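Have a look at the structure that comes next, please.
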Amino acid sequence: MRISIIVPTYNERDNLEELFKRISGSLRGHDFEIVVVDDDSPDKTWEKAQKLSKIYPVKVIRRKNEKGLSSAVIRGFSEAEGDVFVVMDADLQHPPEVIPKLIERIENGADIAVASRYVKGGKVENWYWYRRLISKGAIMIGRVALPKIRHVRDPVSGFFALKREVVEGIELNPVGFKILLEILIKGRYSRIEEIPFTFGLRNAGESKLSQKQIFNYLRHLWRLMKWEGEIDRLVKFSIVGFTGVIVNEFFLWLFFEKTDLGLVLAGLFSYELSVLNNFLWNDIWTFRDLKNVPFLKRLVNFHLASIAGGAVQLAFLYGLTYIGIPYLISNLIGILISFIVRFIVSRHWAWG
């Protein structure tokens, strides 16, 4: 089994010699190549890589009119000769000594093996609190937006291995630098495993995290949601939710104005009728492709999932009414604010 180590670079000249030495040491006895894809670095990383290719099995690709980590990885895939691809950074925050563990998982049947910071035994060294917050927040948003990856603890890792056939013939078109996310959504695989590793300190050079990269990550999520059909599902859920608003508002008015139920009971009864309305339409239309459990279980789960949104809605109904806002307007505000809560929990729980 031939292994291709894909290393995208930009101004990483000072890291290459140690990187290649440690990769070669960790893969002693394996058939491997190192594919360096450099974006015409001002520090001439490509030139240093070419010199080192006399010592190590290095293939150098110098891109002059194209930039970006993800596109560099894709170019590396197209140029690599291996049966297994390993993607890693050049800054030594991805320890080369972990590569054999990734390869072992592939040899044992995994299609993708991810070096994870967030499984048991994994960790990050010396990050400021805001970097940890950004990383954990990005993962949380990704897992919520893309249910297919909800069981992957570190879907934005830049250090992973995969079989060639996972991406062979697949059109990858990521935005930003989270190429693994694209592969997890579009790739052909059935088994993914994660192994712990310690994300270390950068050896040399500068971090490439920026506000632009964060914005590109959100754009990437949006595009993958469209590709997966989650945006269409969200629109359908919105339409169904609008019918629920009509049901809820009508029966709230009817019960409150025409009966002696009072605001609390009127609110609860009208809420239950809107839940039943929304469940039926979502089951028939929005989530019609996600019926892997019996009807009654879906109904019960949807009711349980609605509790979170319902709590938000009722809190606004009673709270805003108490301070003098008309109850129908208070109820409408509660419905709007709880909409995202309802969709997320319904998608991941009731029909997930």
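If I model a spin label as a point 7 Å beyond the Cα along the Cα-Cβ vector, how far apart are those points for Glu79 and Asp232 in nm?
About 3.8 nm, to one decimal.
While we're looking at this one, here's another question. Could you work out the relative contact order of the chain, using alpha carbon pairs under 8 angstrom and six or more residues apart, expressed as a whole percent?
Contact order relative to length: 15 percent.
For the peptides 320-327, 36-43, what is the packing order when you average, over each peptide's residues, the other Cβ atoms within 10 Å and list the highest mean first?
36-43, 320-327
Also, quick follow-up: In Å, what Rg and Dmax follow from the Cα atoms of region 1-101?
12.2, 37
If you don't mind, another one. If you count only protein heavy atoms and use a 1.4 Å probe, how large is the accessible surface of Asp83, to the nearest 10 Å²?
80
For region 107-164, compute Rh as the Kirkwood radius over C-alpha pairs and then the Stokes-Einstein diffusion coefficient at 25 °C and 0.890 mPa s; write the answer in µm²/s, rounded to an integer.
194
Let me ask something else. Spin-label point model (7 Å from Cα, Cβ direction): what's the His151 to Glu249 distance in nm?
Here the answer is 4.2 nm between the modelled labels.
At what distance in nm do the modelled label points of Leu290 and Glu17 sit from each other, each positioned 7 Å from its Cα along Cα→Cβ?
5.4
Looking at the P(r) of region 226-352, how many percent of alpha-carbon pairs lie beyond 23 Å?
Of all Cα-Cα distances in region 226-352, 31 percent exceed 23 Å.
Largest first and in whole Å, what are the equivalent-ellipsoid semi-axes of region 95-248 based on the Cα gyration tensor, each being the root of 5 times an eigenvalue?
Over the Cα atoms of region 95-248, the semi-axes work out to 30, 20, 15 Å.
Using a Gaussian network model on the chain with a 10 Å cutoff between Cα atoms, which of Pro174, Pro294, Pro96 fluctuates the most?
Comparing Pro174, Pro294, Pro96 in a Gaussian network model of the chain, the most mobile one is Pro294.
Also, I was wondering about something else. How high is the FRET efficiency between Val124 and Thr259 when r is their beta carbon distance and R₀ equals 41 Å, given to the nearest 0.05?
About 0.10, to the nearest 0.05.
So, one more: Would you kindly give the portion of the calculated P(r) for region 1-58 that falls above 14 Å, as a percent of all Cα pairs?
Cα-Cα pairs in region 1-58 separated by more than 14 Å: 50 percent.
Averaged over every viewing direction, what's the projected area of the C-alpha convex hull for the chain? Give it in nm², one decimal, please.
Approximately 20.9 nm², given one-decimal rounding.
So what's Rg/Rh here for region 161-202, counting alpha carbon atoms and using the Kirkwood radius for Rh?
1.03
For the peptides 235-241, 328-334, what is the packing order when you average, over each peptide's residues, the other Cβ atoms within 10 Å and list the highest mean first?
328-334, 235-241
Which one of Leu273, Leu181, Leu162 has the biggest mean-square fluctuation once the chain is modelled by GNM with Cα springs under 10 Å?
The residue with the greatest mean-square fluctuation here is Leu273.
Compare the Cα positions of Ser238, Thr321, Val124 along the charge dipole of the chain (+1 at Cβ of Lys, Arg; -1 at Cβ of Asp, Glu; about the Cα centre) and return the one farthest towards the positive end.
Farthest towards the positive pole: Val124.
Going through the DSSP H helices of the chain, which span 18 Å or more along their own axis at the Cα atoms while scoring at least 1.6 as a mean Kyte-Doolittle hydropathy?
For the chain, where a helix must reach 18 Å along its axis and average at least 1.6, the hits are 327-345.
Between region 25-103 and region 251-323, how many Å separate their Cα centres?
Comparing the Cα centres of region 25-103 and region 251-323, I get a distance of 54 Å.
Next question, about the same structure. Please report the net charge: other residues with Cβ closer than 15 Å to the Cβ of Phe250, K and R +1, D and E -1.
Within the 15 Å Cβ shell, the charges total -2.
Same structure, new question: Taking a 24 Å limit on the Cα-Cα distance, which of the listed pairs Lys44/Lys163; Lys67/Lys178; Lys178/Lys291; Lys101/Lys212 fall beyond it?
As for pairs spanning more than 24 Å Cα to Cα, those are Lys44/Lys163; Lys178/Lys291; Lys101/Lys212.
Additional query: For Trp253, tell me the accessible area in Å² from a 1.4 Å probe, rounded to the nearest 10.
Roughly 100 Å² of Trp253 is accessible to a 1.4 Å probe.
The values are calculated or read from the model by the stated rules, or taken from the named source; none is laboratory data. This structure is a prediction, so every number in the text was calculated from the model and none was measured. Every residue, glycine as well, gets a Cβ built from its backbone with ideal geometry; the counts of neighbours run over all protein chains shown. Areas reflect the complete protein model, heavy atoms only, side chains present, ligands, DNA and RNA absent. Shrake-Rupley method; radii C 1.70, N 1.55, O 1.52, S 1.80 Å.
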